[in-house]
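The values are calculated or read from the model by the stated rules, or taken from the named source; none is laboratory data. Keep in mind it's a predicted model, so treat the numbers as computed, not measured. Cβ atoms come from the backbone with ideal geometry, glycine included; neighbour counts cover every protein chain shown.
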Amino acid sequence: MDLDKIEAVEGHQLRLRLVQPEDAAYIYDLRMNPDYNSYLSPVSGTVADQKRWIENYKTREMAGEELYYVIECLNGQRCGVVRLYEITEESFTWGSIILDQNKPRKAALEATLQSMSVGFDILKRSVVKLEADNRNDIALAFYRRFGMSETGSDAQNTYFELTAADFNAHKDALWTAVKKHSKPIDKKHDRTYGSVTLVDLPVVTDPRGDLTFLEANNHVPFDIQRIYYLYNVPVDSERGGHAHLELEQVVFALSGSFRMKIDDGVTKQEFWLRNPRQGLYINRLIWREMDCFSQGAVCMVVASKPYDEADYLRRYDDFQKQVAKKNDPLS
Ligand code: T46
């Protein structure tokens with residue numbers, strides 16, 4: 001398997017990336033949510049069970065039997081999941097798609113095109129199989145519009161297949177529809193106050209290994225004036241717990257992983273950093289906390305200014321006051 005191509009698949013407004021154990025709580029919430037789970041097999045157990053399920057799935061992923069993706073907007077916001085399973089020499093089964101309220105317009109079409117492309121264009125399988133619950137009118141209509149052929153039905157489900165040839169015949173028109181009816185998400189750095197964005201770096205791969213680089217005012221949207229790194233971090237350590245008045249930074253997990261909890265004073269998000277080719281750009285006036293460091297994790301930060309303690313807001317109420325001031329139209 002070409003793991004590099006399979007690991008992350010970028011489209012017009014969405015990225016598919018392989019699921020990680022840290023996605024357990026997100027997936028558990030999705031599958032327990034009655035708004036999304038009506039036509040899926042029921043889930044029981046806990047988030048810890050879901051995490052164990054993902055860990056077991058990772059062995060099937062390594063064996064090339066199954067690919068389970070988290071669907072993200074290009075700004076890193078998760079908005080759903082989709083799965084390719086029962087991958088044989090010739091075919092794969094597609095399903096378990098869920099999209100949540102963060103999905104952009106045309107996300108179902110785009111995520112379906114992207115995930116089917118993995119099966120057809122990357123894995124080179126010649127046919128996909130899938131089924132839809134007979135009560136799920138929206139899915140049935142969607143699969144028919146997508147050009148899938150019905151192969152049968154029973155009391156519960158209708159069964160469909162699509163060949164690689166049919167997929168290739170339809171896909172350009174379907175991508176045109178995605179582009180026409182959706183807005184591309186600006187994944188370039190949003191430099192307004194209070195924003196965070198995932199930043200992808202280039203990689204040069206050859207048999208000697210991978211090489212990634214970053215350039216000031218290109219991959220990182222500022223003049224780099226300082227670089228620092230965190231290492232020998234105990235796994236139960238909690239760092240951060242502050243915001244900056246003027247400093248902009250991009251944070252990378254050069255090795256291992258950790259969680260960044262991000263708060264702009266209104267919305268809280270969390271990002272798991274684990275890929276040395278992907279950093280988190282954190283603008284001014286963002287409260288950040290870091291925890292869940294893996295053993296041996298190394299965090300590298302590139303910063304827009306030298307160290308200055310006066311730039312830190314280390315008390316949450318001071319941070320909230322600054323956010324309120326920034327949002328005050330008369331200030
Ligand atoms: C941030 C997160 C991701 C310096 O003397 N020079 C420096 O460049 C830095 C970054 C820190 N220090 C001193 C200040 C403190 O006495 O090192 C000590 C520990 O710093 P702090 O408690 O702020 O470390 P973290 O890991 O909580 O936060 C750091 C950065 O300070 C912060 O800007 O965003 O990493």
Picked from the stretch 306-331 (must be modelled with pLDDT of 95 or more, of a type outside the set (D, E) and within 21 Å of P221 (Cβ to Cβ)), the residue nearest to the ligand (Cβ to nearest atom) is Y307
TODO: Look at L254 and say whether it is in a strand (DSSP E or B) and more than 16 Å from the chain's Cα centre (by Cα).
DONE: yes
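With the structure loaded, tell me whether Y228 is more than 13 Å from V199 (Cα to Cα) and either within 9 Å of the ligand (Cβ to nearest atom) or touching a Pro at 6+ places or on another chain (Cβ under 9 Å) (or both) or whether it fails that test.
The answer is yes for Y228.
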Screening Y36, Y69 for residues that are assigned to a loop (DSSP other than H, G, I, E, B), touching a Leu at 6+ places or on another chain (Cβ under 6 Å) and in contact (Cβ under 8 Å) with a residue 60 or more places away in the chain leaves only Y36
* To do: Could you please let me know if V298 is surrounded by fewer than 19 Cβ atoms within 10 Å (Cβ to Cβ), within 23 Å of R226 (Cβ to Cβ) and more than 12 Å from the ligand (Cβ to nearest atom)?
  => yes
Could you go through the stretch 139-148 and let me know if any residue there is surrounded by 15 or more Cβ atoms within 10 Å (Cβ to Cβ), of a type outside the set (K, R) and touching a residue at least 40 places away in the same chain (Cβ under 8 Å). yes
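If you scan the stretch 257-271, which residues turn out to be within 15 Å of the ligand (Cβ to nearest atom) and assigned to a strand (DSSP E or B)?
F258, R259, M260, K261, I262, D263, E270, F271
Conditions tested, residue by residue: (1) touching a helix residue (DSSP H, G or I) at 6+ places or on another chain (Cβ under 8 Å); (2) closer than 18 Å to P221 by Cβ; (3) not polar (S, T, N, Q).
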{"site": "D264", "(1), (2), (3)": "yes, yes, yes"}
{"site": "E270", "(1), (2), (3)": "no, no, yes"}
{"site": "P276", "(1), (2), (3)": "no, no, yes"}
{"site": "N283", "(1), (2), (3)": "no, yes, no"}
{"site": "D291", "(1), (2), (3)": "no, no, yes"}
{"site": "S294", "(1), (2), (3)": "no, no, no"}
{"site": "C299", "(1), (2), (3)": "no, no, yes"}
Open item on the list: Take V70 and tell me if it is hydrophobic (A, V, I, L, M, F, W, C), in contact with a helix residue (DSSP H, G or I) (Cβ under 7 Å, 6 or more places away or on another chain), outside the structural domain of Q269 (by TED's automatic domain parsing) and farther than 22 Å from K261 by Cα.
Closed with: no
L245 fails exactly one of (1) farther than 28 Å from R78 by Cβ; (2) surrounded by 14 or more Cβ atoms within 10 Å (Cβ to Cβ); (3) away from the ligand (no atom under 12 Å from the Cβ), namely (3)
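Mind checking whether some residue in the stretch 254-264 is of a type outside the set (D, E, K, R) and more than 21 Å from D200 (Cα to Cα)?
Taking every residue of the stretch 254-264 in turn, none turns out to be of a type outside the set (D, E, K, R) and more than 21 Å from D200 (Cα to Cα).
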Looking across the stretch 102-123 at residues that are over 16 Å from V178 (Cβ atoms) and in contact (Cβ under 8 Å) with a residue 40 or more places away in the chain, the single one that is nearest to the chain's Cα centre (by Cα) is V118
